[in-house]
Amino acid sequence: MSKKNATKRTKRTPRIDLAAYKRDPKEKQIQEKLVSDLHLDPKNPRLAEIIHTGTQASIQKVMEKEFDLQPIRDSLYRNAFFYEEPLVAVYEPLPEFGATPVLVVVEGNRRLAALKSILENHAEYPNESARKRLQNIPVVVRTNREETLPFVGFRHVTGIKEWDAPAKAQYAHRLVTAGYTVDRIAQLIGDKTRQVDRWIRTQSLVLRANKLGITQEDAAKVFHFSYLLTATDAPATQKWLKLHQDPAKSLVKGVDDDKLKKLWAWLYGSKQREVSPVVPESRQIHKLNRVLAVPEAIKELEKTGNLDRALAYTQSREEYVANVLAEVRTMLQDMHTTVYLDGPLVDSKKSHELVASAKEELQKIKKVLDSIQKDLTL
């Protein structure tokens, strides 16, 4: 094949017009700013699942506890700040400082938190000259946050320090509300459109729940973003929720609020109301999705809060009996395998009540199995 023909057949990747690259000459210049004049970002996607008050002190405390700043502190203290990696900041008002805009760092919050930690802890970092050279650092100041979205997302969705799912979802949601389509976001961050759709849908539901007075902090155990994401992947669950999305942006345009509250309670429970979730672990979410496809099963779950009992209404009697017996057999086999190598149970003074209880339970099981065999003619 000739070079000429090869050139003709080569398809060029279409260039995307990114707001991040529309910089005037001033914005291209790196400026030196005092660390004391820079502020941590309360909207940092890394904070999506972490409780904080939104104040600088609260965010600093959270970042020191949750984000392993020590390697960054050590590097900065030894090597100073790399001029080739400036922070990116915008002027925005923060509630604790009133209406006056301040410099908020939208890229480089871990480094900023590490810097503040070094400069405020003279005992731990006693070298005055090492601290002094960290007081002024390079910063690129952009006009507004929207201009930084593609750049920041590329670095953290597919780049140097990958965000977790809640952070990616929060970022994708910001992009789509800024006017980007789902396809465009997928292009910008190098991910699949289907995945971006799931992130935006789930983040929309989280924000909707927050407006209804439901918070992640009220989860009986831990708020797992992935639970809501996986549960609402199922078409039956979406139908039950009466969930409607914008086809171009994936934002949730409609949902039954009462049913969203129920789904949230089943997935996460409530610490305040002392309610446990009906889904004990992620592997059980598929059971909940099956239940939400059958009206009789939903009624049973609403009535009893028992996922396994509700699941029985999704199966034929024969399937239900076969599945339950299989589960019971597996549990008994696992128990037997775990203990039989050590021989018979020791009926000592200390364990006598436990051994007696085990014998009693075994007799009860035998009676139940006899009844099942007789009543169901097995």
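Read-outs: derived from the displayed coordinates by stated rules, not from any lab. Values in this document were obtained by computation on a predicted structure and should not be read as measured data. So basically every Cβ, Gly included, is an ideal-geometry build from the backbone, and we count neighbours across all protein chains shown.
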Phi to ³J(HN,Hα) by Karplus 6.51 cos²θ - 1.76 cosθ + 1.60 over segment 228-239, Hz, x for Gly, Pro: 5, 4, 5, 4, 8, 6, 6, x, 5, 5, 4, 5
Helix axis angle, 193-211 relative to the chain longest principal axis, alpha carbon, degrees: 80 degrees
In degrees, nearest ten, helix 56-66 long axis to first principal axis of the chain (Cα): 60 degrees
Computed label-point distance, nm, for sites GLU66 and VAL275 using a 7 Å Cα→Cβ extension: 2.5 nm
Beta bridge orientation in the chain: antiparallel %, DSSP, nearest 5: 65 percent
Residues whose placed amide H lies under 5 Å from that of GLU107, excluding near-sequence neighbours: VAL88
All aspartates and glutamates inside 18 Å of LYS261 as judged from Cα atoms, apart from same-chain residues fewer than 8 positions distant: GLU217, ASP218, ASP233, GLU274, GLU300, GLU302
Spin-label pair THR143/ASP258, simplified geometry with 7 Å Cα→Cβ offset, distance in nm: 4.8 nm
Alpha-carbon Rg with Dmax, taken over segment 181-273, Å: 13.6, 43
Highest-first arrangement of 296-303, 339-346, where packing means the average Cβ count within 10 Å: 296-303, 339-346
Gaussian network model of the chain, Cα within-10 Å springs - most flexible of ASP233, ASP68, ASP164: ASP68
Listed residue (GLN245, LEU260, SER226) projecting farthest to the positive dipole end of the chain, Cβ model: GLN245
Most mobile listed residue (LEU307, LEU228, LEU354) in the chain, GNM with C-alpha springs under 10 Å: LEU354
The chain: relative contact order as a whole-number percent, Cα under 8 Å and 6+ apart: 12 percent
Magnitude of the charge dipole, segment 165-290, Cβ model with Lys/Arg +1 and Asp/Glu -1, debye to 20: 180 debye
Additional length obtainable on full extension of the chain from VAL324 to LEU212, 0.36 nm per residue less Cα span: 36.5 nm
Which label in (i) 25.5; (ii) 21.3; (iii) 27.9 gives the computed Kirkwood radius over Cα pairs in Å: (i)
Hull volume in cubic angstrom per residue (convex hull over the Cα atoms of segment 62-120): 99 Å³
